[in-house]
Structure formats: structure tokens, C-alpha cells
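**Student:** Below: one structure in C-alpha cells.
The values are calculated or read from the model by the stated rules, or taken from the named source; none is laboratory data. Being a predicted model, the structure only gives us computed values, none of them experimental. Heads up, the Cβs are rebuilt from the backbone with ideal geometry, glycines too, and the neighbour counts pull from every protein chain shown.
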Amino acid sequence: ITVAANQPGARISPHMWGIFFEDINFAADGGLYAELVKNRSFEFPMPMMGWKQTRLDGADASLLVVNRSNADGNNPRYATVTLNNDKGRFVLTNEGFRGVGVEKDHAYNFSIMAHAVSGDVNISAEVVDEKGSPVGHTEPVKVAGDWKTYQVKFACSQTVDKGKLNVVFTGKGSIDIDMVSLFPEDTWKHRPGGLRADLAQKLADLHPGFMRFPGGCIVEGRELLNRYQWKKTIGNVAERQLIMNRWNVEFSYRNAPDYFQSFGLGFFEYFQLCEDIGASPLPILNCGMACQFNSAEVASVNQIDPYIQDALDLIEFANGATTTKWGALRAKLGHPQPFNLKMIGVGNEQWGEQYVERYKLFAAALKKAHPEVKLVTSSGPDPDGDRFNYLTQTMRTEKAGFIDEHYYRPPEWFLKNASRYDNYERGDTKIFAGEYACHIPDASQKDTRPESHNTIWAAVCEAALMTGLERNADVVQMASYAPLFARTDAWQWRPDLIWFDNLHSVATPNYYVQQLFATNRGTAVLPTHTDGKSLAGQDSIYSSATLDADNHRLIIKLVNASASVKTVSVNVLGNTTGKKAEWIQLSGTDKLAFNSIDHPDVIKPSSRTIAWTRDNNLKLDGVSVNVIVVPL
Ligand code: AHR
């Protein structure tokens, strides 16, 4: 190939490579949100789901779940614990999210809201291992007076993967309890009630240019009642109204009857996380339509105003002066500075005329009030279908900022579509590849571990497509793999970028591809030609090159999608001779190799230094992604 280092072309957006966070596969509750107690506020439809009662050593006790829905519609339930004698211990055990995981010599914060009704009742907490032996506990605290939060810190002496939390009641009398909570002390940025540090760090290490959140289908809800409403996800966590997660599904291994959204990770925390990791926020809002795969429920167009108002208010919440209603709330929550929101998504994977009708109403109001904010539209899940083409044409006419395309497709599709945008219609409306992942056929993988579909082969196919996105950075200005997170013991969808359990997380080969592209982005596209044509699959090789003017680097990406070694001769037009280049490679001799929680380092990038001349013959391993960085 010939790389024209002296002819920089289209600018590459700093937002080019980003992430898409959706609460699927227990990504939020039971995942990034570090709360270890499931159903902490008894708000699941079955209020004692996840809880078990035990009376020990002669204790005579009862528990009643009380619903005060008239008095507190967001947090209607609490529990009354009554100890009828002062013998023994009444224990309320929480099973956590597929267990409570704690680490040796780490500190944990137990907290509980309680209100003394009568007599004298003491509360303590302990974490027990799989056999029921305590590995950490608090001293008892006496409950006195009106509702307040009691918080105690304690350390654990052992690492336990699938432990439990015991809340222990002693004494005689009656108390009310609510918001039973256990958090590790060392959350991300040490924020109380915050995020799981190892998972947030994995996001930061991707250096994402943007973060799309909170979904996906959860924005839509199976029906409108369970749609995502950002205003219900900010402020006091006890007052964030729990709803059923769209991925609360009941079939085979994906069984998740206990999947709800507590919104402990809400819109303020999403914006804060974006800021922490340097990602431009891209919130997606419900457009008055529930998930079209589940229900045909839509808000009628004459009832769409509240949905549009939510979007307008969100912009004010993110960017408004602290003298405005929503800007003042942002300041009150601890962030007087704006969050610098520049894009907003209207609906997810919606299609048909119903969507267009609603989009137009959103666009009219938002473009008038906030012409500075780009609108991201949806084009549905079928990148080659008629409804997709219809939406693409319509949204171009509407001059939408971005069309969000989703591709969950097999390897061949990814390879073929590496040239998808080479001759694509150029215009004002740009492409956002908002969800993509290469899905290998189930039958091709014999390994039954959940992580097994995140193969190096799938990662290489994604990298091939991504060279095509990068070569066409004038059209494609954002892209994100999906889904982002999955619990190995509670997933509904695979493959996923990062797998985790209670204590560990693992980066997939696909993660490393995302990281390699994001950390070697460049600022302008450089032409890469072979026989005058872009290299997009000839002899199974895919390429792109960029100039990184900010860091004075030339970056060449070469993907070998064949099983055999290929030699590529790289000829650079421009003065790059006599330099030392860094060659980073991700490859696997076994196409089906993958990283698992047990073996996290099977596939990972390696790096070496090579001498760089005008003409370079590079031997690319079979099934490999290669990033060559030449200082300028
Ligand atoms: O990423 C999983 C799901 O795929 C998303 O929720 C949805 O947008 C798409 O169908």
C-alpha cells in the first residue's frame, strides 16, 4: 500500500471512538453501581425477593412490609421488625447480586435507615462466606428516635466471592427499616455510594471520545410505564423510583426475574462519569415510543409535549446557568459547572412513520431552543433493510445531526462492509455506528463459557470494519461497540466488551481493538491505496492510516483477516524514513481464542520497535490487528 502522509484529508472527530453504556447483563445494579445489596428498599414487586429471615436461639420475631404509597410514591415500602422477646437474634439475610463479593483487608460501609417504634432494638451487620462463617462485622447500634441513616464501617478478613449480608436484630421492641445498603469504601474516585472502581477504570482505560447512555432498549421500556425517565434518576437515592428492567427476562440461562433498576446510577452520575473519563456525554431519550420488539405502545402525538419538555429540561440540567431551574438543581447536586452537553439522542431503534412523526416534533422544538445541540436519530436494527433505508433518506432530508446505525452481524458482514462508506452519499447528516459487534455463529464455538463468543476472530472482523469507518471519517463521526458490560452469571446478551463477576473483570479481544483505535486515533485521514484503490479486503487485508498532528505521529492500521501470514509492503509518501516505529499487534493463532475471568490474558496486545524506512515489508500474522505508529 501507499500511504500519502503528505496529503492529510478529512478531519477525524475527537468523538470518533466511544462507548455505549446500557443497563443490560446487570451492567448497572449488580455491576458498575457498587451497591452490594439487592432489593435494598423492598421495592421489587415481590418485596422480600433476595431476602431471607432466620430466627436463632429462641428469638420470637416478625417482619411486616408496609406500603405507604400515598405518603411516599417513589419509595413506598419499608419493613417493620418486631422482636417479641429479648432472646437470640433475628437475622435478615440478603443474597446480593448472585452473592455478595468482598475482598480481604478492604473496608465496607454498611448503612440502614431506621426509625424506633417501641422498646430497645439494636442492629448489626456481618458478611458471611459461602459456608455461613462471618468474615467481617459491625458492632451493634441502638436505634433511637425518628427516621435516620445509621452508617458503620468495617473490614473483611477474607476474600469471598459469593457471600451474603446478614442484618442482625437483637433486643425487644419494634423498629422500621429501609434502604439497607453495603458499599465498598474504595469506590471509583472514593465517592460514597459510587461506582465499582475496577469497572470504571476499564472504561477510563478505553479513552472514549463519548459515552452514549443509558440505552438501548431500556430507554424505551417494554411499555411506556417502564420507560427511562431521567428526572426520576437524580437527587436522593432513596427517592429514585425503582422500575422493572427491560432485560428482566425469564428464559433458560438468561433468567433474570430479579432484574430491576434502582437508578443509584442515574443521570447525574452518568454525566459525572463522562467528565471523569473525558467522554462527551450522549444521552438518549424516549421519544414517546416503547420498544417496538415488545409492544406497539406509543404516546399519541398530542401527548408528546412532556417527552419533549424532558429533553429541553435535560439540556438545561446539563448546560444551563445555575440561575435556571434545572441548572440550579445541578449545582445543588454538587456540580455548578456545566456538563457541556453537545448531542442528544431522540429514541432508540425506532422505525416507521410513527417515529418520523415524533422525531419531527422533537426536532422542531429542540433546534429552535438549542441549535447548538446536535440531534442523533435512530435508524432501526437492520442495516440492510427497507425500513432502515427509509429512515436514512428521511433523516437526511430532515438534516438530523447523526443517524445511529446498529450492526449485530456475522463475520462475513463485517468484512464485506469495511467498504460500506467508501462510496456513501456525503452530506450534512453524519453516521453514528452506535451499536455493533461481530456475532460468530453459535455452532462454531464448542466452549460453553459465557465469554467464549468474544473471540479474536470476531475482534479482527470488527477491526476490519473499523478501518472502513476511519477511512471515511468525514461521514462516520462516532462509533461504539455494544453491549459494554456483562456479568458471567447473569447475562442476557452476548458478546460483550467487558465481562465481570463479583470480584473480577476481564477485557476481551474486542476491548483491546476498541482501545487500540481510540488511543491511536489521529486527527486527519490519510489516503492508503493499493493500485489506486483503498485496501478493504483485497487478499484479506484491511487498512487505514491517519495523521496525528497533535502528537506528531503517523498511524497505520493493518488487519489481516486470513489465517495465514501475509506480507504487506508499505510505502510512505512523505518524510518518515530513518525512524523507529512502534508496532502494536493483537493476534491469535486459534481463531476461537478468547479471554475469560479464569484466563484473562490469552489475547492481549504486544508491542515492539522496528526500523522504519520509505518502503517497509511487514509480515502480518494470521488473524491479526496491527497498529504501526511512526513518529514524525
Ligand atoms: O445492545 C443490546 C440491544 O441491542 C440494545 O438495547 C438495543 O438498542 C439493540 O437492539
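**Student:** Which residues, counting only those in segment 432-448, are more than 16 Å from the ligand (Cβ to nearest atom) and not basic (Lys, Arg)?
**Tutor:** 440, 441, 442, 443, 444, 445, 447, 448 - these are the residues of segment 432-448 that are more than 16 Å from the ligand (Cβ to nearest atom) and not basic (Lys, Arg).
**Student:** For residue 510, only one of the following conditions fails: (1) within 16 Å of the ligand (Cβ to nearest atom); (2) under 30 Å from residue 547 (Cα atoms); (3) out of contact with any Leu (no Cβ under 8 Å at 6 or more places or on another chain). What is its number?
**Tutor:** Status for residue 510: all satisfied but (3).
**Student:** Kindly indicate which of 317, 260 is touching a Lys or Arg at 6+ places or on another chain (Cβ under 8 Å), closer than 20 Å to residue 240 by Cβ and modelled with pLDDT of 95 or more.
**Tutor:** 317
**Student:** Is there a residue in segment 294-310 that is touching a residue at least 12 places away in the same chain (Cβ under 8 Å) and within 16 Å of the ligand (Cβ to nearest atom)?
**Tutor:** Checked segment 294-310: at least one residue is touching a residue at least 12 places away in the same chain (Cβ under 8 Å) and within 16 Å of the ligand (Cβ to nearest atom).
**Student:** I've got another one for you. Residue check: is residue 314 of a type outside the set (Lys, Arg), touching a residue at least 60 places away in the same chain (Cβ under 8 Å) and away from the ligand (no atom under 16 Å from the Cβ)?
**Tutor:** Yes.
**Student:** Then there's this: Would segment 334-342 turn up any residue that is small (Gly, Ala, Ser), modelled with pLDDT of 95 or more and either within 16 Å of the ligand (Cβ to nearest atom) or more than 30 Å from residue 414 (Cα to Cα) (or both)?
**Tutor:** Yes, that holds for at least one residue.
**Student:** A follow-up question, please. Looking only at segment 533-589, count every residue that is of a type in the set (D, E, K, R), within 17 Å of residue 468 (Cα to Cα) and part of a strand (DSSP E or B) and tell me the total.
**Tutor:** 2
**Student:** If you don't mind, another one. Return the residues of segment 477-501 that are out of contact with any Ser or Thr (no Cβ under 8 Å at 6 or more places or on another chain) and buried (at least 24 other Cβ atoms within 10 Å of the Cβ); say none if nothing qualifies.
**Tutor:** If the condition is that a residue be out of contact with any Ser or Thr (no Cβ under 8 Å at 6 or more places or on another chain) and buried (at least 24 other Cβ atoms within 10 Å of the Cβ), then 479, 480, 481, 482, 483, 484, 485, 486 are the ones that fit.
**Student:** Looking only at strands (runs of 3 or more DSSP E) that lie completely in segment 1-110, which have at least 1 residues being modelled with pLDDT of 95 or more?
**Tutor:** 17-20, 51-56, 61-67, 77-83, 89-94, 100-102
**Student:** While we're looking at this one, here's another question. With the condition kept exactly as written, say whether any residue in segment 122-145 is touching a residue at least 40 places away in the same chain (Cβ under 8 Å) and over 14 Å from residue 177 (Cα atoms).
**Tutor:** For segment 122-145, residues touching a residue at least 40 places away in the same chain (Cβ under 8 Å) and over 14 Å from residue 177 (Cα atoms): present.
**Student:** Look through 167, 249 and report the one residue that is crowded, with 20+ Cβ neighbours inside 10 Å and either modelled with pLDDT of 95 or more or in a loop (DSSP other than H, G, I, E, B) (or both).
**Tutor:** So the residue among 167, 249 that is crowded, with 20+ Cβ neighbours inside 10 Å and either modelled with pLDDT of 95 or more or in a loop (DSSP other than H, G, I, E, B) (or both) is 167.
**Student:** Can you tell me which residues in segment 414-446 are in contact (Cβ under 8 Å) with a residue 24 or more places away in the chain and among the hydrophobic types (A, V, I, L, M, F, W, C)?
**Tutor:** Of everything in segment 414-446, those that are in contact (Cβ under 8 Å) with a residue 24 or more places away in the chain and among the hydrophobic types (A, V, I, L, M, F, W, C) turn out to be 414, 415, 418, 431, 432, 433, 437, 438, 440.
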